[in-house]
Amino acid sequence: MTPCLQRLYSLRVTAEHIMQHATHHIEEGSMCHPSDGEAWKHFDRMYPDFAEEPRNVRLDLCTDGFAPHGQCNRTYLFWSVIISPYNLPLSMCMNFEYIFLTMVIPGVPNSKRLIDMYLEPLIEELLQLWHVGVRTYHHATDGVFMMWAALMWTVNGLPVYGMTSRWSTARVMDVRMYE
């Protein structure tokens with residue numbers, strides 16, 4: 001995943017847009033990009049050193065299970081794990097060129113409870129990007145900077161949420177909100 005993020009800064013077409021989230025202006029109360037939302041602003045207040053560098057990357061992680069070739073008998077499942085950078089303008093964020101398939105986890109339905117074990121290398125890489133950072137070339141400034149990344153959101157259904165967090169989602173569940 002790290003080389004994919006670095007590539008966003010090394011290519012002219014994306015290097016020009018990667019800091020758009022820090023420079024766009026909208027009317028108060030409007031939201032046209034995740035950076036306009038309260039979660040992004042709260043994160044900036046909590047981690048001002050991270051927020052100070054607009055080239056630092058904000059990420060989303062999405063997981064979902066699917067049966068190959070549309071087989072509905074579910075004797076075999078795959079789990080896709082996708083990372084999306086939110087620094088780009090919204091018109092680019094959701095384009096397939098900028099959504100990174102980091103892994104496909106094969107398995108039978110019983111093994112889906114172990115999905116968090118498959119995610120460990122990705123979590124280690126995310127922790128490395130958060131704590132240490134990585135030297136990255138930025139085409140727009142023709143220079144090298146230290147890029148850090150933060151996982152801002154996870155997007156998945158309740159079953160996958162239960163598997164990755166090791167919470168029971170089959171019964172009544174308290175929804176955790178972090179402020």
Inset, instruction - May I ask you to list pairs of residues, at least six apart or on different chains, whose Cβ atoms are under 6 Å apart, with the first in region 53-66 being buried (at least 20 other Cβ atoms within 10 Å of the Cβ) and the second being of a type in the set (Ser, Thr, Tyr) and assigned to a strand (DSSP E or B)? - result: Leu61/Thr154
Inset, instruction - Determine if region 31-38 includes at least one residue that is surrounded by 18 or more Cβ atoms within 10 Å (Cβ to Cβ) and in contact with a His (Cβ under 7 Å, 6 or more places away or on another chain). - result: yes
Inset, instruction - For region 66-80, indicate whether the set of residues that are among the small types (Gly, Ala, Ser), under 19 Å from Leu5 (Cα atoms), in contact with a strand residue (DSSP E or B) (Cβ under 8 Å, 6 or more places away or on another chain) and at pLDDT 90 or above is non-empty. - result: no
Inset, instruction - Determine whether Thr102 is at pLDDT 80 or above and surrounded by 14 or more Cβ atoms within 10 Å (Cβ to Cβ). - result: yes
Legend entry - Residue that is modelled with the highest pLDDT, among those in region 135-179 that are under 20 Å from the mean Cα position of the chain (by Cα) and among the hydroxyl-bearing types (Ser, Thr, Tyr): Thr136
Inset, instruction - State whether one or more residues within region 114-134 are β-branched (Val, Ile, Thr), modelled with pLDDT of 90 or more, at negative phi and part of a helix (DSSP H, G or I). - result: yes
Legend entry - Residue within region 54-63 that is modelled with pLDDT of 80 or more, touching a His at 6+ places or on another chain (Cβ under 9 Å) and in a strand (DSSP E or B) present: yes
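The values are calculated or read from the model by the stated rules, or taken from the named source; none is laboratory data. Computed from a predicted structure; not experimentally measured. Here the Cβ is made from the backbone with ideal geometry for all residues, glycine too, and neighbour counts use every protein chain on show.
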